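A.B. asks: Got a structure here, written out as structure tokens. Questions coming.
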Amino acid sequence: MRKGAITRDAVLRALAEYDDLGRDEFLSKYGYKPATGYLLLHEERTYDSKAIAGVAHKFDQGRALKPDELIGGRSHAARWLARLGFTIRSSRSPDWTRDEIILACDLAMANGWKRLEFDDPRVIELSALLQTMPIHPEELRNELFRNPNGVARKTVDITCRHPDYAGKPTNGNVLDVEVMNDFLARPAEMAKVARRIRQGLVAGDFQELSPEVEEEDDYSAPEGRLLLRRHLSRERNKALRKKKIDAALRQGGRLACEACGFDFEQVYGDRGSGYIECHHVVPLHEAGEGRTKLSDLALICANCHRMIHRRAPWPTPEELRVSIEQKHANDRRAAVAVSRPRRPADEQMPNP
């Protein structure tokens, strides 16, 4: 049967019926199961978004939609409601990010790679800290978001993957193991990363980052997404970039990439004049939040900038330049070897 549009007024009428009947009777009356994906938040109360959308259809189109006529999640019911101005929240906590797992791993390492309980003061403190982390949007944060039980559970997921653990591991996820292995391989460095993330959260440094540097689609984040965002925010500081470029020009230099030598003006003419990207050489977990000096910055092309940030460990522009030169030398040797004529086999062997 055909589905029609729903209006905000119809949704409000469905919400009123939900309130009158109560959740269980409302869902039973229309054949819906409790929401497992998204909830509608209205006047500090939560509602099953799929059921509300289906019943709202009755007030606009004369019949309620059956559950199998609606696809769950944002693809249908929740999207309808969001378009009408309603707030949609996830009924499940979002997956843990690298930044969050770094903090959980740091806590597990401090506890001797043993699990922690939900009532441990350190778990309660980390729970409160994670709830301030500006990574997950509000609509994905439900009432249980990063509560002490969830944080304690994450320490179990991590510690049961430790090489010394003798029991059966939980399901966990690949990122838990990846971050734990980083801690096992570089404990001091990773502890410093965790400390920088904590300091930034407590000071509110990450809240002010502009949205334009929030996502870098294929950049790796060995430090965690928040420190990477902070790092890139520094690199895109227009005043610092201009000072670095002016200093290079005053010294009689040209705006060529310090890694590969690419010159935008030389290739693109006037369009490329004065353009080059600016890279903060020292990662924030090493440099901290101090004052940035021009000597901390390097002028590099967009390609080299991507290659530096692609995965850990991040090479310096000088290290990248050496690897580029080595690649070119290897290519030249291979080309010479291929072009060198080979003598027939009978000319290579001495006569008996």
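The values are calculated or read from the model by the stated rules, or taken from the named source; none is laboratory data. Values in this document were obtained by computation on a predicted structure and should not be read as measured data. Here the Cβ positions follow ideal geometry from the backbone for every residue, glycine too, while neighbour counts run over all protein chains shown. Heavy atoms of the whole protein, side chains included, go into the accessibility calculation; ligands, DNA and RNA do not. Shrake-Rupley method; radii C 1.70, N 1.55, O 1.52, S 1.80 Å.
A.B. asks: With a probe of 1.4 Å, find how much accessible area the chain has per residue, and write the answer as a whole number in Å².
C.D. replies: Numbers: 20060 Å² over 352 residues.
Solvent-accessible surface per residue comes out at 57 Å².
A.B. asks: Distance from a point 7 Å along Cα→Cβ of Leu249 to each backbone N in the range 261-279: keep the residues under 17 Å and list them by number.
C.D. replies: Under cut-off, by backbone N: 263-278.
A.B. asks: If I model a spin label at Lys114 and Leu294 as a point 7 Å from the Cα along the Cα→Cβ vector, what separation in nanometres do I get?
C.D. replies: 5.5
A.B. asks: Taking springs between alpha-carbon atoms closer than 10 angstrom, which of Tyr32, Tyr47, Tyr268 fluctuates most in the Gaussian network model of the chain?
C.D. replies: The residue that fluctuates most here is Tyr268.
A.B. asks: Return the single residue from Arg79, Arg234, Arg98 with maximal mean-square fluctuation; model: Gaussian network over the chain, springs between Cα atoms under 10 Å.
C.D. replies: Of Arg79, Arg234, Arg98, the Gaussian network model singles out Arg79 as fluctuating most.
A.B. asks: Moving to a separate point now. Using only the alpha-carbon atoms, how far is helix 238-250 inclined from the longest principal axis of the chain? Give it as 0 to 90 degrees, nearest 10.
C.D. replies: For helix 238-250, the angle is close to 10 degrees.
A.B. asks: Follow-up question, since we're still on this one. So if each residue of separation counts as 0.36 nm, and I subtract the Cα-Cα distance between Arg141 and Thr316, what length gain in nm does that give? Don't skip to the end; give the middle numbers.
C.D. replies: Working: separation 175, 0.36 × 175 = 63.00 nm, distance 3.82 nm.
The Arg141-Thr316 span can extend by a further 59.2 nm.
A.B. asks: Then there's this: Using Cα pairs closer than 8 Å and at least 6 residues apart in sequence, work out the relative contact order for the chain, in percent. Don't skip to the answer; put the middle values down first.
C.D. replies: On the way: 423 pairs, mean separation 38.6, N = 352.
Relative contact order, the chain: 11 percent.
A.B. asks: Stretch Asn149-Asp68 to full length: gain in nm at 0.36 nm per residue minus the Cα-Cα span?
C.D. replies: Values: separation 81, 0.36 × 81 = 29.16 nm, distance 3.42 nm.
My answer for the length gained is 25.7 nm.
A.B. asks: Given springs between every Cα pair under 10 Å in a Gaussian network model of the chain, which of Val202, Val336, Val156 has the largest fluctuation?
C.D. replies: Of the options given, Val336 has the highest mean-square fluctuation.
A.B. asks: Highest mean first, how do 297-308, 243-254 rank when packing is the count of other Cβ atoms within 10 Å averaged over residues? Each step should come with its number before you reach the end.
C.D. replies: Numbers: 297-308: 20.1, 243-254: 12.8.
Top to bottom by mean Cβ count within 10 Å: 297-308, 243-254.
A.B. asks: What FRET efficiency comes out for Val177 versus Ala335 if R0 is 30 angstrom and r is the Cβ-Cβ distance? Round to the nearest 0.05.
C.D. replies: Using R0 = 30 Å, I get an efficiency of 0.10.
A.B. asks: Also: Please determine, in degrees from 0 to 90 and to the nearest 10, the orientation of helix 225-235 with respect to the longest principal axis defined by the Cα atoms of the chain, where the helix direction is its Cα long axis.
C.D. replies: Its long axis makes an angle of about 50 degrees.
A.B. asks: Could you state how much accessible area Arg92 has, in square angstrom rounded to the nearest 10, with a 1.4 Å probe and all protein chains kept in place?
C.D. replies: Arg92 exposes around 140 Å² with every protein chain in place.
A.B. asks: Quick one: helix 98-110 against the long Cα principal axis of the chain, what's the angle to the nearest 10°, folded into 0 to 90?
C.D. replies: Here the helix axis deviates by roughly 90 degrees.
A.B. asks: So which of Lys154/Lys192; Lys33/Lys154; Lys50/Lys154; Lys29/Lys58; Lys238/Lys293; Lys114/Lys192 end up more than 25 Å apart, counting from Cα to Cα? Kindly include the intermediate steps, with their values, before the conclusion.
C.D. replies: On the way: Lys154/Lys192 21 Å; Lys33/Lys154 29 Å; Lys50/Lys154 30 Å; Lys29/Lys58 13 Å; Lys238/Lys293 14 Å; Lys114/Lys192 20 Å.
Result: Lys33/Lys154; Lys50/Lys154 exceed 25 Å.
A.B. asks: Would you work out what percent of the accessible area of the chain, with all protein chains in place, is carbon or sulfur (probe 1.4 Å)?
C.D. replies: Working: 10060 of 20060 Å².
That share works out to 50 percent.
A.B. asks: List the chymotrypsin sites (Phe, Trp or Tyr not before Pro) in the range 119-197 that DSSP assigns to loop (not H, G, I, E or B) and whose Cβ has at most 10 other Cβ atoms within 10 Å. Which are they?
C.D. replies: Loop-located and lightly packed - none at all.
A.B. asks: Another one. How far is it, in nm, from the label point at Thr36 to the one at Ala188 when both lie 7 Å from their Cα along the line to the Cβ?
C.D. replies: 4.9
A.B. asks: Right, another one. 5 Å is the cut-off here: which amide hydrogens, built 1.01 Å from N in the peptide plane, fall below it relative to Ser90, excluding neighbours closer than 5 in sequence?
C.D. replies: Leu39, Leu140, Arg141
A.B. asks: What full-extension length gain, to one decimal in nm, is calculated for Arg306 and Gln326 as 0.36 nm per residue of separation minus the Cα-Cα distance? Intermediate values should be presented prior to the final figure.
C.D. replies: Details: separation 20, 0.36 × 20 = 7.20 nm, distance 1.91 nm.
5.3 nm is the gain from fully extending Arg306 to Gln326.
A.B. asks: With r as the distance between the Cβ atoms of Ser91 and Asp24 and R0 = 22 Å, compute the FRET efficiency 1/(1 + (r/R0)^6) and round to 0.05. Present the calculation step by step, with values, prior to reporting the outcome.
C.D. replies: Working: r = 16 Å, r/R0 = 0.75.
Calculated value: 0.85.
A.B. asks: What nm value, rounded to one decimal, do you get for the distance between Asp164 and Ala16 when each label is placed 7 Å out toward the C-beta?
C.D. replies: It is 6.4 nm.
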